[in-house]
């Protein structure tokens with residue numbers, strides 16, 4: 001790309017590409033610092049979650065904000081692909097629904113769980129036992145909200161990547177990256193029988209990051225639907 005083409009490019013698109021890169025790095029850092037409490041004893045579990053309450057709120061609040069901004073940028077990307085195309089529209093709907101499900105999981109994990117444990121942390125005993133039952137129910141809700149949300153995010157990736165693959169405007173590389181990314185995400189979500197854990201989530205976010213960076217590449221270098229020749 002020539003300096004003239006870069007100069008005449010749309011500033012909003014450069015900002016969007018830069019924002020995607022920053023959000024990718026932010027999400028990777030946040031996922032790697034996700035607080036974890038592992039205790040069989042009810043009192044120890046409640047105390048540990050209460051002790052991490054502030055960290056939980058910060059981590060999950062930042063994650064929810066980052067996911068919301070990234071989804072907004074990706075919906076803008078979908079609009080440039082053309083929402084009149086069925087696969088693009090279905091991907092946009094899947095992405096928006098995924099954001100809703102994952103934000104519900106974030107709310108339960110980062111805000112409701114600490115709010116339940118904080119009053120009981122000093123009491124222990126029966127109070128901790130009762131809260132542990134609520135935490136186990138919440139953990140199941142978090143598991144399935146997160147899992148279905150991630151499946152929808154992977155589906156959106158596959159649909160948009162497939163659309164790029166069938167275009168004839170120099171964006172097939174990003175489409176290939178997206179299909180591989182979606183395949184890795186589906187594999188991690190369906191192959192394992194265990195619950196999602198920080199390690200699995202980190203791998204899924206890394207696969208998502210590859211797709212987001214390829215989209216940022218398309219936008220920054222004016223490839224495909226962002227070409228200045230349109």
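Values quoted throughout were computed directly from the atomic coordinates according to the rules given, and no laboratory measurement underlies them. If you're wondering where the values come from, they're calculated on a predicted model, not measured in any experiment. So basically every Cβ, Gly included, is an ideal-geometry build from the backbone, and we count neighbours across all protein chains shown.
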What is the Cα centroid distance between the stretch 70-84 and the stretch 183-222, reported in whole angstrom?
19
Simple spin-label estimate for residue 199 and residue 167 in nanometres, 7 Å along Cα-Cβ:
3.8
Candidates (1) 18.9; (2) 22.0; (3) 19.6; which is the computed Kirkwood radius over Cα pairs in Å?
(1)
Name the most mobile residue of 89, 145, 25, meaning the one with the largest mean-square fluctuation, in a Gaussian network model of the chain with Cα contacts below 10 Å.
25
In whole Å and largest first, what semi-axes does the C-alpha gyration tensor of the stretch 102-230 yield when each eigenvalue is scaled by 5 and square-rooted?
41, 15, 10
Over the chain: helical MRE at 222 nm, DSSP H runs n ≥ 4 each giving -39500 (n - 2.57), nearest 500
-26500 deg cm²/dmol
Express in nm, to one decimal, how much length is gained between residue 118 and residue 96 on full extension, taking 0.36 nm for each residue of separation and deducting their alpha carbon distance.
4.7 nm
With each label point set 7 Å from Cα along the Cα-Cβ vector, what nm distance links residue 139 and residue 206?
2.5
Please order 184, 22, 88 by the number of other Cβ within 10 Å, starting at the fewest.
22, 184, 88
What ranking of 58, 211, 217 emerges when the number of other C-beta atoms within 10 Å of each C-beta is taken as an exposure proxy, fewest first?
58, 217, 211
For a quick check: sort 55, 155 by the number of other beta carbons within 10 angstrom, fewest at the front.
55, 155
